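Following: one structure in structure tokens, then a few remarks.
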Amino acid sequence: MWTIREGQVEELDRLIALRRTMFESMGFDDAESLDRTCEAAREYFAEHMPTGAFRVWTAEHEGRLIASIGLVIHSTPPSPHNLVGKIGYIMNLVVLPAWRRLGIARALLEHVLGVLRTEGVPAASLHASSNGRHLYEALGFEEAKDLPEMRHTLPT
């Protein structure tokens, strides 16, 4: 069995390895480019995780990270569709290949949506890979008509 927990800045190497797996699964295979991307992500995570500006949750099995998901909450001016002016941007949802199709991605995504509801964030967005699109749509995300991203309005 696996468990979900909040990721820690002390495990950057393992978090970065998961992120690399995500890009490789999406077809990125230029090792040099992936190395640069991972180093930039390491710097970003190291700076933003301690402040809470970037948060990550992991799925773990017997001490091994098998999946992760990231979240940034943006503050924007209020609009008719979002009076509090906050939107959660969900990113980096990745599950190691051997652990896919077991409900882990869904559990992580539902966990983050629950965090957003608890924190009073009324909307979430993400960029969907073709592999993830079905899951996102099943959880209520829709393709925005005017933007190349998907959005999900959270019930209050």
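Before we move on, is L116 under 23 Å from Y44 (Cα atoms) and either assigned to a helix (DSSP H, G or I) or touching a residue at least 24 places away in the same chain (Cβ under 8 Å) (or both)? Steps first, please.
Working: under 23 Å from Y44 (Cα atoms): yes; either assigned to a helix (DSSP H, G or I) or touching a residue at least 24 places away in the same chain (Cβ under 8 Å) (or both): yes.
In short, yes.
Using the structure shown, decide if L93 is assigned to a strand (DSSP E or B), more than 13 Å from the chain's Cα centre (by Cα) and either closer than 24 Å to M1 by Cβ or modelled with pLDDT of 95 or more (or both). I'd like the intermediate steps shown before the answer.
Numbers: assigned to a strand (DSSP E or B): yes; more than 13 Å from the chain's Cα centre (by Cα): no; either closer than 24 Å to M1 by Cβ or modelled with pLDDT of 95 or more (or both): yes.
Criteria not met by L93.
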- request: Could you list, in sequence order, all residues of segment 102-130 that are exposed (fewer than 14 other Cβ atoms within 10 Å of the Cβ) and either among the hydroxyl-bearing types (S, T, Y) or modelled with pLDDT under 95 (or both)?
  value: T118, H127, S130
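The rows are residues; the columns are (1) surrounded by 11 or more Cβ atoms within 10 Å (Cβ to Cβ); (2) over 13 Å from the mean Cα position of the chain (by Cα); (3) among the acidic types (D, E); (4) farther than 15 Å from E11 by Cβ.
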{"position": "R42", "(1), (2), (3), (4)": "yes, yes, no, no"}
{"position": "V56", "(1), (2), (3), (4)": "yes, no, no, no"}
{"position": "H61", "(1), (2), (3), (4)": "yes, yes, no, no"}
{"position": "R64", "(1), (2), (3), (4)": "yes, yes, no, no"}
{"position": "A67", "(1), (2), (3), (4)": "yes, no, no, no"}
{"position": "H74", "(1), (2), (3), (4)": "yes, yes, no, yes"}
{"position": "H81", "(1), (2), (3), (4)": "no, yes, no, yes"}
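The values are calculated or read from the model by the stated rules, or taken from the named source; none is laboratory data. As the structure is a computational prediction, the values presented were derived from the model and not from experiment. Positions of Cβ are backbone-derived with ideal geometry, glycine not excepted, and every protein chain shown enters the neighbour counts.
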